1. Could you check the spin-label model distance between Ser12 and Trp148? Points 7 Å from the Cα along Cα→Cβ, value in nm.
2. Of all DSSP beta bridges in region 47-187, what percent run antiparallel (nearest 5)?
3. Using alpha carbon centroids, what distance separates region 33-102 and region 2-21, in Å?
4. From the square roots a ≥ b ≥ c of the eigenvalues of the alpha-carbon gyration tensor of region 1-60, which class results: rounded (a/c under 1.5), prolate (a/b over b/c), or oblate?
5. Under 5 Å between amide H atoms, partner at least 5 residues away or on a different chain: which partners does Leu110 have, H built in plane at 1.01 Å?
6. Take Met111, Met1 and order them by how many other Cβ atoms sit within 10 Å, fewest up front.
7. How much length is gained on full extension from Asp2 to Asp121, taking 0.36 nm per residue of separation minus their Cα-Cα distance?
8. Given (1) 1.87; (2) 1.18; (3) 1.01 as candidate values of Cα Rg over 2.2 N^0.38 Å, which corresponds to the one derived from the coordinates?
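Each reported figure results from applying straightforward, stated rules to the coordinates on display, with no laboratory input. Bear in mind the structure is a predicted one, so any value in this text is a computation, not a measurement. Counting neighbours? That spans all protein chains shown, and the Cβs are built from the backbone with ideal geometry, glycine included.
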Amino acid sequence: MDPTNNPWQTLSSRVVYENRWISVREDQVINPAGNPGIYGVVSFKNIAIGIIPIDEEGYTWLVGQYRYALHEYSWEIPMGGGPKGQDILLSAQRELKEETGFTARRWTCLMKLHTSNSVTDEVGYVFLAEELQAGETAFEETEQLSLWRLPFEQAVQMVMDGQITDAISVAGLLKAAALRATNRNHAS
């Protein structure tokens with residue numbers, strides 16, 4: 001199978017809904033079997049950015065908030081959106097400051113990911129922020145956040161126990177845990 005071959009044919013495309021954050025389009029298509037159909041795509045106007053802050057003692061911070069779309073409370077890594085075309089590191093630094101009050105001297109991009117590639121073109125990045133300095137938060141009007149400082153390993157265990165379910169948080173925490181384990185093994 002040729003991974004560059006697109007088996008879909010787009011006949012037409014129209015935006016059926018749009019706001020400041022997303023647009024939803026409906027495409028008339030010919031599917032891989034050669035049959036006509038429709039495909040809905042949610043396009044995001046920002047890049048998703050998650051940050052895992054880790055202090056010198058090995059603690060991290062989670063952000064808790066009620067997620068309207070899910071109708072439930074969610075613990076997550078600090079995250080937000082950055083405008084397309086803007087430096088993603090600058091967006092990550094802004095989001096960390098807004099949600100936790102922290103700035104960081106050392107930044108590492110851990111990963112790029114697609115959040116749900118069957119229905120959305122959303123792309124996300126996860127950063128590790130270290131050498132933290134405390135400051136004041138600056139929540140947005142849509143945010144009513146709780147901050148929780150906990151051992152990094154406890155946050156990873158929350159992923160394993162199903163208590164953290166946000167895709168960016170799960171992927172980022174597991175990647176950071178794997179990298180930390182690899183670094184410990186190389187150090188010994």
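1. Once both label points are built, they end up 4.9 nm from each other.
2. Working: 26 of 33 bridges.
The antiparallel fraction comes to roughly 80 percent.
3. So the two Cα centres are separated by 23 Å.
4. Values: a/c = 4.98, a/b = 1.91, b/c = 2.61.
Oblate, because a/c is 1.5 or more while a/b does not exceed b/c.
5. Val126, Phe127, Leu128
6. Details: Met111 17, Met1 4.
Ascending Cβ contact count within 10 Å gives the list Met1, Met111.
7. Numbers: separation 119, 0.36 × 119 = 42.84 nm, distance 2.15 nm.
Result for the pair: 40.7 nm of gain on full extension.
8. Of the listed options (1) 1.87; (2) 1.18; (3) 1.01, (2) comes from this structure.
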